[in-house]
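The values are calculated or read from the model by the stated rules, or taken from the named source; none is laboratory data. It should be emphasised that the depicted structure is a prediction, and the values quoted were computed from it without experimental measurement. In this analysis, Cβ positions are derived from the backbone assuming ideal geometry, glycine residues included, and neighbour counts consider all displayed protein chains. Side chains included, ligands, DNA and RNA excluded: accessible areas come from the protein's heavy atoms. Shrake-Rupley method; radii C 1.70, N 1.55, O 1.52, S 1.80 Å.
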Amino acid sequence: MAFVARLALISLFYKFCLGIATPPGILLSNSNTDVSVNPAGAKPTLSLNKSLPIPLNALPSDPYTYLVPDSGILIEFSRYRNPSLVLLSVYAVLLEAANQVNDEIRRGGDRVINPAFPPTTQLEYHSDGVQLVFLPSYICKWSNWGVGVRGITDFVMRYTSRRLNFEVHDATTKVHLGWGYLDRLL
């Protein structure tokens with residue numbers, strides 16, 4: 001029963017991430033498919049392209065810089081470590097982080113997470129032996145962290161559920177917005 005509930009949660013999380021990442025009129029693509037959503041509300045179209053997918057166990061370079069689509073946020077992933085984490089638990093902590101971002105923005109607007117200098121706030125999310133920790137800089141807003149969560153989700157869905165470190169930066173100014181890690185709960 002718990003497995004079915006977690007599977008339903010993961011399915012909702014996946015749909016939630018796609019909902020945030022793809023407003024009407026935006027093209028979703030990966031190496032295997034293209035899905036376009038038309039602003040008039042017509043049904044999505046699906047077409048296969050001819051590129052070969054990267055094997056699921058292939059990791060990008062270390063460090064790897066990822067520009068989160070339709071945002072001004074860069075995430076640098078580094079220090080991939082074995083063993084891999086339980087994917088359902090990784091999705092659970094990412095969902096918890098996304099929910100907190102939405103709650104905070106709904107409650108208080110898009111404000112700075114941690115206005116103190118030096119920063120004193122550490123955001124932590126835990127599920128079944130997995131932890132996601134983020135230490136925002138004194139200028140990082142909730143929306144920046146929300147885009148960061150989306151980027152981490154993209155990375156995990158595409159490459160791996162391995163333990164790793166990450167840094168979040170503004171893509172235009174290269175200003176450091178925070179850093180964190182995805183790891184086993186010690």
- Would you tally the net charge around VAL68, using a Cβ to Cβ cut-off of less than 14 Å, leaving VAL68 out, and scoring K and R as +1, D and E as -1? -3
- Accessible area per residue in Å² at 1.4 Å probe, computed on segment 96-151: 47
- Item | Net charge contributed by nearby residues that have their C-beta within less than 9 Å of ARG79 (K/R +1, D/E -1) | +1
- Query: To the nearest 10 square angstrom, how much accessible area does THR172 have with a 1.4 angstrom probe?
  - Reply: 120
- Query: Arranged from highest to lowest average of other beta-carbon atoms within 10 Å per residue, in what order do the peptides 102-110, 177-185, 139-147, 81-89 appear?
  - Reply: 139-147, 177-185, 81-89, 102-110
- Query: Which residues' amide hydrogens lie under 5 Å from the amide hydrogen of LEU177, considering only partners 5 or more residues apart or on another chain, with H built in the peptide plane?
  - Reply: VAL168, HIS169, ASP170
